[in-house]
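*Asks:* Please find one structure pasted underneath; my questions will follow.
FYI, it's all coordinate maths here, none of it is from the lab. Remember, predicted model here, so these are calculated numbers, not experimental data. Counting neighbours? That spans all protein chains shown, and the Cβs are built from the backbone with ideal geometry, glycine included.
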There are 2 protein chains.
Amino acid sequence: MKVIVIGSGNLAWNLIEIFEQNPNIQLIQVFSRNAESLKTLSCSCPTTTNWEELSEADLYLLAVSDRAIISLGEKAQNKGLWAHCSGSVDLRDLPATIRRGVFYPLQSFTKGRKSSFSDLPIGIEAENEEDYQQLEGLASSLSKTVFRMDSSQRRIMHLAAVFINNFSNHMIARAQDIATEAGIDAELLYPLLDETLAKAKAMGAEQAQTGPARRADQATLDAHLDLLKTKDEKKLYQAISQSITAYYQKDKNLKKG
Amino acid sequence: MKVIVIGSGNLAWNLIEIFEQNPNIQLIQVFSRNAESLKTLSCSCPTTTNWEELSEADLYLLAVSDRAIISLGEKAQNKGLWAHCSGSVDLRDLPATIRRGVFYPLQSFTKGRKSSFSDLPIGIEAENEEDYQQLEGLASSLSKTVFRMDSSQRRIMHLAAVFINNFSNHMIARAQDIATEAGIDAELLYPLLDETLAKAKAMGAEQAQTGPARRADQATLDAHLDLLKTKDEKKLYQAISQSITAYYQKDKNLKKG
């Protein structure tokens with residue numbers, strides 16, 4: 001299958017790395033509007049910043065920002081299959097004049113950090129069965145977890161992904177800051193972090209919850225608020241603690257009711 | 001070393017499991033006020049619910065709630081070393097009439113789920129060097145990460161632990177709920193969860209942050225708020241997104257300034 005990757009960011013970098021290793025995929029070109037960013041890619045295929053130079057391919061993969069998907073989609077011509085990789089853009093946000101699909105790898109990608117694709121869930125959507133098969137074939141040659149997912153399910157999956165990745169990551173960032181600012185090695189927290197994840201997967205995070213907010217232990221909550229230095233940190237601490245307390249209170253009420 | 005564990009909850013259960021395997025530790029008794037909970041422990045040593053029956057030991061480990069530490073500490077007699085295991089109780093909250101110390105394993109424990117102690121950071125505090133050595137000897141026979149930590153540092157460590165464990169876990173709980181309520185298998189999120197953790201450790205979570213709040217992508221933030229069903233969920237989503245956006249905005253301002 002002849003594939004063109006459109007984009008040169010975190011996802012494009014990772015797709016190119018994995019495509020070039022895969023004998024089933026013929027990466028024939030990479031397009032990006034950003035010449036500097038194109039140079040950071042290590043692909044052996046031709047690259048271009050000129051939309052007019054886009055080659056003929058079976059599949060054009062839009063590995064760009066949501067906004068760029070819309071604007072580049074509008075410029076897409078009626079040749080080959082066009083698939084975007086976003087969790088939040090609808091299939092129908094691409095113009096109806098082209099063959100359109102979605103290839104959504106559920107991962108947080110970083111340029112320079114190779115992601116493993118073998119267990120990576122990839123959600124596929126297309127308007128007709130033939131296009132679906134084509135995308136599924138590509139996905140299955142990379143990962144053993146490929147599934148059909150329409151745009152509305154994908155939006156929900158993306159929302160869940162924001163909680164599990166973006167929001168958890170921010171909690172880790174705050175914890176690393178709190179330790180580091182107090183002169184404590186943040187790595188001392190990592191066994192706890194590993195166990196947090198292992199427990200949440202093994203028991204379900206609802207059951208695994210511990211801590212002062214879960215116990216509604218106001219004395220410790222107040223002591224922690226006193227320790228936090230900025231308004232910003234206090235606000236965050238309070239919002240999440242209230243959310244935890246309400247979550248288990250609600251649960252209790254439901255059980256009572 | 002003759003040790004008595006006071007408590008029968010998540011931490012006590014784990015301490016008893018590990019102590020009984022360790023030839024350096026002689027677990028001679030377990031005390032708990034809760035007879036039912038005592039039965040859930042699998043210790044081969046005598047147990048009691050009667051404070052008057054407490055044996056003579058080198059070390060009394062208070063593996064109980066913060067409130068119980070204070071009230072049991074007041075009943076402690078002047079024999080042996082008394083150490084509590086809490087992140088938020090000060091050494092000086094135990095009465096000055098006893099030899100007092102702290103043995104703080106930085107982990108989230110669950111009864112029935114054996115924690116590994118070998119890499120577990122254990123923070124030690126005591127009033128005199130002899131007592132410190134005694135606690136350090138115990139900790140070192142369980143873990144290779146034992147360090148001196150005073151009450152004020154321990155409070156900060158506990159605060160950081162709340163962010164990295166309690167708060168992250170709540171984000172995972174919400175993500176699992178969002179997926180499950182939409183009929184999506186929450187396990188599809190786990191490769192993303194694994195990578196979140198691996199990236200946060202490898203790059204630092206501040207650098208690893210991605211997502212709509214990081215990009216201040218208001219269209220996606222609004223779309224997610226629309227998808228969330230309850231006021232409670234919307235409030236949480238908004239509070240954390242604002243925190244992320246402000247965190248990187250601040251950073252930008254600092255870099256500018």
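*Asks:* Could you please rank B:E206, B:E187, A:E130, placing first whichever residue has the fewest other Cβ atoms within 10 Å of its Cβ? Mind dumping the intermediate values first?
*Replies:* On the way: B:E206 17, B:E187 13, A:E130 10.
Going from least to most buried by this count: A:E130, B:E187, B:E206.
*Asks:* Report the convex hull volume per residue for segment B:154-256, counting only C-alpha atoms, in Å³. Before the final figure, lay out the partial values.
*Replies:* On the way: hull volume 13.0 nm³, N = 103.
Enclosed volume per residue, from the Cα hull, is 127 Å³.
*Asks:* With the crude spin-label approximation of a point 7 Å out along Cα→Cβ, what separation in nm comes out for B:S71 versus B:I28?
*Replies:* Going from the B:S71 label point to the B:I28 one covers 2.7 nm.
*Asks:* A further question follows. So if R0 is 51 Å, what FRET efficiency would B:F147 and A:R92 give, r being the distance between their Cβ atoms, rounded to the nearest 0.05?
*Replies:* For R0 = 51 Å, the calculated efficiency reads 0.35.
*Asks:* Here's a follow-up. So if R0 is 41 Å, what FRET efficiency would B:D185 and B:N78 give, r being the distance between their Cβ atoms, rounded to the nearest 0.05?
*Replies:* 0.10
*Asks:* Please list, in chain and number order, the residues 5+ apart from A:L27 or on another chain whose amide H is under 5 Å from its amide H, with Hs placed from the backbone.
*Replies:* Correct list: A:V3.
*Asks:* To continue, here is another question. Report, to two decimal places, the Cα Rg of segment A:69-119 normalised by 2.2 N^0.38 Å (N = number of residues).
*Replies:* That ratio works out to 1.33.
*Asks:* Now a separate question. Which whole-number percent of Cα pairs in segment A:2-148 have a distance greater than 25 Å?
*Replies:* Details: 1931 of 10731 pairs.
Counting pairs separated by more than 25 Å, the tail of P(r) holds 18 percent.
*Asks:* Per residue of B:110-123, count partner chain C-beta atoms within 10 Å of its C-beta, then hand back the mean as an integer.
*Replies:* Across B:110-123, the average partner-chain Cβ count within 10 Å equals 3.
*Asks:* Between B:W13, B:W82, B:W51, which gets the highest mean-square fluctuation from a Gaussian network model of chain B, Cα cutoff 10 Å?
*Replies:* B:W51
*Asks:* Have a look at A:T145, A:L81, A:S55 and report the one farthest towards the positive end of the charge dipole of chain A, computed about the Cα centre with Cβ charges (Lys/Arg +1, Asp/Glu -1).
*Replies:* A:T145
*Asks:* Now for a separate question. Exceeding 20 Å between C-alpha atoms, which entries from my cross-link table qualify? They are A:K39/A:K114; A:K75/A:K111; A:K199/B:K234; A:K111/A:K201; A:K250/B:K234; A:K199/A:K235.
*Replies:* A:K75/A:K111; A:K199/B:K234; A:K111/A:K201; A:K199/A:K235
*Asks:* Given the C-alpha atoms of chain B, compute the convex hull and give its volume per residue in Å³.
*Replies:* Considering the Cα atoms of chain B, their hull volume per residue is 176 Å³.
*Asks:* Please compute the length gained on full extension between B:S42 and B:Q238, using 0.36 nm multiplied by the number of residues separating them and subtracting their Cα-Cα distance. Each step should come with its number before you reach the end.
*Replies:* On the way: separation 196, 0.36 × 196 = 70.56 nm, distance 4.54 nm.
Full extension of this stretch gives 66.0 nm more.
*Asks:* Still on this structure, please answer the following. For chain A, set up a GNM with springs between Cα atoms under 10 Å and report which of A:Y237, A:Y104, A:Y60 has the largest fluctuation.
*Replies:* A:Y237
*Asks:* Where Rh is the Kirkwood radius over the Cα pairs of the protein assembly as shown, the temperature 4 °C and the viscosity 1.567 mPa s, what D in µm²/s does Stokes-Einstein return? Don't skip to the end; give the middle numbers.
*Replies:* Details: Rh = 25.2 Å.
Approximately 51 µm²/s, per Stokes-Einstein.
*Asks:* For the pair B:Y132 and B:E53, what calculated FRET efficiency results from E = 1/(1 + (r/R0)^6), where r is the Cβ-Cβ distance and R0 = 25 Å, to the nearest 0.05? If you can, show how the numbers build up before the last one.
*Replies:* On the way: r = 29 Å, r/R0 = 1.17.
Computed FRET efficiency for B:E53 and B:Y132 comes out at 0.30.
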